[in-house]
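Every number here is computed from the coordinates shown, using simple stated rules; none is lab data. Computed from a predicted model, the values in this text were never measured in an experiment. Cβ sites come from the backbone with ideal geometry, for glycine too, and all protein chains shown count toward neighbours.
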Amino acid sequence: MQALTANDVAGLFAALEKTFSDQREFLIALDGKVGDSDLGITMSKSFTAAHAAVVAAADASVGKLFGRAGLSIAKAAPSTMGTLTATGFMRGGKAVEAATTIGTAEMAAFWRAYRDGVQERGKAKVGDKTVLDVLDPIAVSLEASAAAGKPLDAALAEAAQAASEALEATRLLVAQHGKAAAFQEKSRGLQDAGATVAVFIVETMANFVKAG
């Protein structure tokens, strides 16, 4: 698959719903190390709602479907990570609202807007051991792929690899935001839970496009 169309979005969100259902207990355990153990529940609820929303709005454009997904996440999971994820999808959807298909350039624009929306909403910066530490390399990788004219499947595969490497690097950081910040040095050595969510999203996108 070299471009996502509106007809593909329901399938993508079905895949995301499955990912976060499958990873629910893992995220609960990961979040429980320095958080309140609700992340797995939050993200599972989020993508169940998002999938239902895009199915119900199947006649909308790709960008509007991403926006509808974000709005449904905001309603279903009004927690910190739910709100950040909702913001990302709404901002990303807005960035590609004029597109009829999502190729590499549009995917780069989506993730840049997603990243910037999360930074604006969450007030974090790169290096604070948050989801932004993964969102930033995803956006940078996709922008480089777009500039190089790479096809969508290859671009997303490279972005997913960059995200995975960035996630591993978060282990070396000390948390500066949220409940994890209270643990300070004890958070060093741990994989950031929010950053893990971003990896799961981009990996699911990459696998969906590759399979298509």
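Listed by chain and number, the lysines placed with their C-alpha closer than 20 angstrom to that of LYS94 are LYS64, LYS75; residues fewer than eight positions away on the same chain are left out. Taking a ≥ b ≥ c as the square roots of the eigenvalues of the Cα gyration tensor of region 85-159, is the shape rounded (a/c under 1.5), prolate (a/b larger than b/c) or oblate? Oblate, because a/c is 1.5 or more while a/b does not exceed b/c.
Dipole magnitude for region 4-211: computed about the Cα centre from +1 point charges on Lys and Arg Cβ and -1 point charges on Asp and Glu Cβ, it is near 440 debye. Fewest neighbouring Cβ atoms within 10 Å first, the residues ASP192, ASP8, ASP133 line up as ASP8, ASP133, ASP192. Our note on the geometry: Cα centres of region 127-143 and region 28-55, 20 Å apart.
Restricting the calculation to Cα atoms, the chain shows an Rg/Rh of 0.95 when the hydrodynamic-style radius is the Kirkwood one. Mean separation of Cα pairs under 8 Å and 6 or more residues apart, divided by the residue count, gives region 4-211 a relative contact order of 19 percent. Highest GNM mean-square fluctuation among GLU165, GLU97, GLU143, for the chain modelled with Cα contacts below 10 Å: GLU165.
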